[in-house]
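Asks: Below are the structure tokens for one structure; questions will follow.
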Amino acid sequence: MSGEVVERVLRSARYRDVDPAMLARMAAEEQPRARNIDDAVKRVKRRLHQAVGAFRGSERADAMSAAWDGDLGDPTFRSACIDVLRAHASTRERLAALDAFYPPIWAVTGLPHSVLDLACGLNPVTLPWMGLPADAMYVASDVDGRPLRAVEAFLELVGQPHRVEARDLVADLPGDRADVAFLFKLVTTLDRQDPDAADRLVAALRVRYAVVSFPVRSLAGRGRGMERTYRARLERLASGPRVREVVEVPVPGELLAVMTLDG
Ligand SMILES: C[S@@+](CC[C@H](N)C(=O)[O-])C[C@H]1O[C@@H](n2cnc3c(N)ncnc32)[C@H](O)[C@@H]1O
């Protein structure tokens, strides 16, 4: 029965590019709670809307390739990247302060020679603002094939060594070694799918630094309550067995911390 649920979800234009392994997991989880197949399909779609709903529409990858002349600092190329980054709510929220985003992170970790960008969305397209070495390895993964296509085209275009892959981080932990892993706005997404997934992920990472962020758009009103909740979640994550040190890094719009991991 869960095969039929997956098949029907894949028929919808919005979800046909989602990692089938994640669809199968969600279908199996929803099946026992559902009244019938229609209800199971509806439940899986509702969960998918929460999990991958932040990506909207076209990636404008063609404009990036037309603007590329070999220089990551070129203003025309950067403006084409910004157009692409707008297609995902998470990176759109990061745009206003992109220049100020990476330097304070590298001040804690040093400039990495390898990066794991987990549940990356379109974030790898912020590479022009990262200042990574040209030979740094960039491994990007997500469950949504639509942003992954733009990310693959982008990394190929600029010639950054890379691997781009579909990975459901609830069920399939990454084995790559790297200097730094980005877990940007990921913990809340995973918590909704499995409350232990984020802690399991941090415990399994083969990296020196895990950079974790939560979306805190505004410090006024509701933002304050959100920030308190996320800060408490961060503290729980930081109490995991592998976390040796936690440094909070002030960046606009996100509660962000660098965790140094053991081993
Ligand atoms: C809030 S967005 C953050 C995107 C990116 N990290 C950023 O900050 O720009 C959450 C991302 O998690 C991905 N996602 C959702 N569930 C996932 C899962 N189980 N495994 C891996 N990625 C997942 C979504 O497709 C989406 O791109």
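Asks: Test of understanding: among 62, 17, which residue is of a type in the set (Asp, Glu), touching an Asp or Glu at 6+ places or on another chain (Cβ under 7 Å) and either away from the ligand (no atom under 12 Å from the Cβ) or under 22 Å from residue 168 (Cα atoms) (or both)?
Replies: 17
Asks: Right, here's the next one. Look at segment 115-141 and say how many of its residues are within 14 Å of the ligand (Cβ to nearest atom), in a loop (DSSP other than H, G, I, E, B) and in contact with a His (Cβ under 9 Å, 6 or more places away or on another chain).
Replies: Final tally of qualifying residues: 2.
Asks: Here is a further query. So, restricting to helices (runs of 4 or more DSSP H) that lie completely within segment 17-106, which ones have at least 3 residues that are more than 18 Å from residue 119 (Cβ to Cβ) and either touching a residue at least 24 places away in the same chain (Cβ under 8 Å) or not basic (Lys, Arg) (or both)?
Replies: Output list reads 20-30, 37-52, 61-67, 75-85.
Asks: When you scan segment 188-263 for strands (runs of 3 or more DSSP E) that lie fully inside it, which ones turn up with 1 or more residues that are of a type in the set (Phe, Trp, Tyr) and assigned by TED's automatic domain parsing to the domain that holds residue 101?
Replies: 206-215
Asks: Out of everything in segment 224-262 that is out of contact with any strand residue (DSSP E or B) (no Cβ under 8 Å at 6 or more places or on another chain) and closer than 12 Å to residue 202 by Cβ, what residue ends up being most open to solvent (accessible area, probe 1.4 Å)?
Replies: 236
Asks: For residues that are touching a residue at least 60 places away in the same chain (Cβ under 8 Å) and open to solvent by 20 Å² or more (accessible area, probe 1.4 Å), scanning just segment 166-180, find the one that is farthest from the ligand (Cβ to nearest atom).
Replies: Going residue by residue through segment 166-180, those that are touching a residue at least 60 places away in the same chain (Cβ under 8 Å) are 166-168, 170-172, 176-180.
Checking the rest, the ones that are also open to solvent by 20 Å² or more (accessible area, probe 1.4 Å) come to 166-167, 171-172, 176-177, 179.
Working: 166: 9, 167: 6, 171: 8, 172: 8, 176: 15, 177: 19, 179: 18 Å.
Ranking the qualifying residues of segment 166-180, first place goes to 177.
Asks: Looking only at residues that are open to solvent by less than 60 Å² (accessible area, probe 1.4 Å), β-branched (Val, Ile, Thr) and touching a helix residue (DSSP H, G or I) at 6+ places or on another chain (Cβ under 7 Å) in segment 68-122, which one is nearest to residue 169 (Cα to Cα)?
Replies: 91
The values are calculated or read from the model by the stated rules, or taken from the named source; none is laboratory data. Computed from a predicted structure; not experimentally measured. A quick note on method: Cβ atoms are made from the backbone with ideal geometry, for glycine too, and the neighbour counts reach across all protein chains shown. Heads up: the accessible areas ignore ligands, DNA and RNA and are worked out on the full protein's heavy atoms, side chains in. Shrake-Rupley method; radii C 1.70, N 1.55, O 1.52, S 1.80 Å.
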